[in-house]
1. Scanning for something of a type in the set (S, T, N, Q), within 15 Å of G230 (Cα to Cα) and in contact (Cβ under 8 Å) with a residue 40 or more places away in the chain, does the stretch 185-197 turn up at least one residue?
2. Here are the criteria: (1) charged (D, E, K, R); (2) crowded, with 16+ Cβ neighbours inside 10 Å; (3) within 23 Å of the chain's Cα centre (by Cα). Tell me which single one E99 does not satisfy.
3. Could you grab me the full set of residues in the stretch 66-108 that are in a loop (DSSP other than H, G, I, E, B) and touching a residue at least 60 places away in the same chain (Cβ under 8 Å)?
4. From the residues in the stretch 155-170 that are at pLDDT below 95 and assigned to a loop (DSSP other than H, G, I, E, B), which one is surrounded by the most Cβ atoms within 10 Å (Cβ to Cβ)?
5. Collect the residues in the stretch 296-316 that are charged (D, E, K, R) and in contact with a Lys or Arg (Cβ under 7 Å, 6 or more places away or on another chain), keeping them in residue-number order.
6. Can you pull out the residues in the stretch 284-304 that are surrounded by fewer than 14 Cβ atoms within 10 Å (Cβ to Cβ) and either in contact (Cβ under 8 Å) with a residue 12 or more places away in the chain or within 28 Å of the chain's Cα centre (by Cα) (or both)?
7. Looking at the stretch 43-79, which of its residues are among the polar types (S, T, N, Q) and over 38 Å from the mean Cα position of the chain (by Cα)?
Amino acid sequence: MRKMGNYNQTEILYIKFKAKDGQAFINFLKNKLKNTQLINQRFKILYENENILFPIVKDQTLIDRVTSSVDKKINFELISKEGIPKENFKYRTLQEALEGKIPDRYSEVIPKSYDIVGSIAIIEFDKFINIDDKDFSVYKQMVAKGISNVNKNVKTVYEKKSQIKGKYRLRELDVLYGEEKSETIHRENDCIFKLDVKNTYFSPRLVFERRRIASTRIQEDEIIVDMFAGIGTFSIQIAKNKNVKIYAFDINSNAYEYLKENIYLNKLKGEIFPKNIDIKELLEPKNHLGQLLRNKANRIIMNLPESSIEFIDVACYLMKESGGILHFYQFSEKPNPIDKSLKNLEEEITRHYWEIESIINSKIVKHYSPKSELIVADLKIKASN
């Protein structure tokens, strides 16, 4: 007998057999329909009298495929009833964690990705989706709890309430789940970073870019300037394994305090000299540090993509006149964002009587907005003759 029970979002679907046929069904799934993920691993198998009930996923195409292929001698029934969740079950995806909990009309607003910084997750709901529903805030909190269920280390979930703005590159965040605690410890590429997500800028999405720069061919005893160091993510990852001297600057006093602490937290081979100043101050004739570093840098990192081009004068002032490496980041408009950035960069460098000797690397780092991309250009520049 084959009968489909009614399914609703407070119940899950089961396939019911006589207990004596249970093993035959499992063997059928393994041997005949390999890699078919019919069993819903989130819930316990139930036993009722002489029957066994396997929880199954809500996938009608898959259900039809399985039920039409199973041995006709095995009688089964599809029923819906309240499931018993497994203790300490590890959800694989946010969508899996929210199955049966969020109404279908809201499924399109479940974020496809989110950032995790230490014990904190940061999520953004599609700003282009207009939902006028007082219950939506409840469902947003359910999404936030779902993120914590998928990522057991996440204790607090924030919602982005603004874009990055201001000279400190900060955004407004509202807590959706957990304790209102914005300070955390983040581990990346064998380094430890303490930070406050509300008071300092940090993007976990640049993890591979920071690894790339730290793994490049950096010579012993190089003098490096990290012009917009933040909490020290580039500087510390370079100095961890390279015997170099890095001058790490940031205008945000909160970032500067975390930068100092992070230098202490990590065992470094090189030296980092943290400075809490506006990098433009180095151009002032009476600035002692500016005079000390003038034309001394072998390598300069410019990770301020909103406005890096405005600080090329400082880079030319600090770089060795015989030539050095510039790692330049910029948001650039489509189409051809790399070509546009290189053109603008060459014009600005030329204006300061410097030149691009060679382009070592240029690429799109990540998608930024519908109209622009984040690009990086690794260049060798030198003073013009």
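The values are calculated or read from the model by the stated rules, or taken from the named source; none is laboratory data. Note that the coordinates shown come from a computational prediction; the quantities given were computed from them, not determined experimentally. All Cβ positions, glycine included, derive from the backbone under ideal geometry; neighbour counts span all protein chains shown.
1. Pass one, the stretch 185-197, residues of a type in the set (S, T, N, Q): 189.
Add one more test, that the residue is within 15 Å of G230 (Cα to Cα), and what stays is none.
Scanning the stretch 185-197, I find no residue that is of a type in the set (S, T, N, Q), within 15 Å of G230 (Cα to Cα) and in contact (Cβ under 8 Å) with a residue 40 or more places away in the chain, so the answer is no.
2. (3)
3. Let us first name the residues in the stretch 66-108 that are in a loop (DSSP other than H, G, I, E, B), namely 70-75, 82-84, 86-93, 98-103.
If the condition is that a residue be in a loop (DSSP other than H, G, I, E, B) and touching a residue at least 60 places away in the same chain (Cβ under 8 Å), then N75, E82, G83, K90, G100, K101, P103 are the ones that fit.
4. If we take residues in the stretch 155-170 being at pLDDT below 95 and assigned to a loop (DSSP other than H, G, I, E, B), then R169 is surrounded by the most Cβ atoms within 10 Å (Cβ to Cβ).
5. Residues of the stretch 296-316 charged (D, E, K, R): 296, 299, 306, 310, 313.
Correct list: K296 only.
6. Restricting attention to the stretch 284-304, the residues satisfying the condition of being surrounded by fewer than 14 Cβ atoms within 10 Å (Cβ to Cβ) are 284-286, 288, 291-292, 295.
Listed by number, the list holds a single entry, N295.
7. Here is the first cut: in the stretch 43-79, the residues among the polar types (S, T, N, Q) are 49, 51, 60-61, 67-69, 75.
Within the stretch 43-79, N49, N51, T67, S68, S69, N75 meet the criteria.
Residue by residue, here is whether (1) out of contact with any Gly (no Cβ under 8 Å at 6 or more places or on another chain); (2) under 19 Å from I74 (Cα atoms); (3) at pLDDT 85 or above holds:
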position: N8; (1), (2), (3): yes, no, no
position: I15; (1), (2), (3): yes, yes, yes
position: D21; (1), (2), (3): yes, yes, no
position: I26; (1), (2), (3): yes, yes, no
position: N40; (1), (2), (3): no, no, no
position: K44; (1), (2), (3): no, no, yes
position: E48; (1), (2), (3): yes, yes, yes
position: F54; (1), (2), (3): no, yes, yes
